[in-house]
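Scroll down for the structure; my scribbles are underneath it.
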């Protein structure tokens with residue numbers, strides 16, 4: 001699974017290390033699934049690559065993905081602030097830590113971030 005995730009990471013980020021197309025936010029592994037979460041500047045190349053991989057059946061693993069339109073960056077704030085020392089930034093709702101195995105994806109709060117970026121969630125299942 002790591003090789004597959006590494007290859008997706010390289011494709012999503014693109015060729016320019018000084019201005020990557022994507023920012024890796026999180027990897028969640030639970031119950032024989034892995035979710036990779038990115039902030040993507042230009043989603044179309046990622047979408048084309050993933051669609052081609054699905055259509056040509058060249059993926060080493062079954063997976064699905066979604067790309068959420070998020071021009072204000074609201075979906076990524078929790079991930080971007082999760083390592084801050086303030087308790088309110090440590091969890092999506094500011095309460096106790098989310099129980100292991102619960103990614104909390106549906107509980108992401110509104111946020112502000114770089115405009116024009118899109119957040120895409122990619123879930124790979126074995």
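Read the figures in this text as sums done on the coordinates, not as results from a lab. Being a predicted model, the structure only gives us computed values, none of them experimental. Please note: Cβ atoms are built from the backbone with ideal geometry, for glycine as well, and neighbour counts cover all protein chains shown.
The figures follow:
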| read-out | value |
| --- | --- |
| Pairwise FRET efficiency - residue 16 versus residue 54, Cβ, R0 = 30 Å, nearest 0.05 | 0.70 |
| Separation of the residue 44 and residue 6 label points, Cα + 7 Å toward Cβ, nm | 3.1 |
| Approximate spin-label separation residue 24-residue 83, in nm, with each point projected 7 Å along Cα-to-Cβ | 1.2 |
| Convex hull volume per residue in cubic angstrom - Cα atoms of the stretch 11-56 | 83 |
| Ascending count of other beta-carbon atoms within 10 Å, so fewest first, for 57, 84, 13 | 57, 84, 13 |
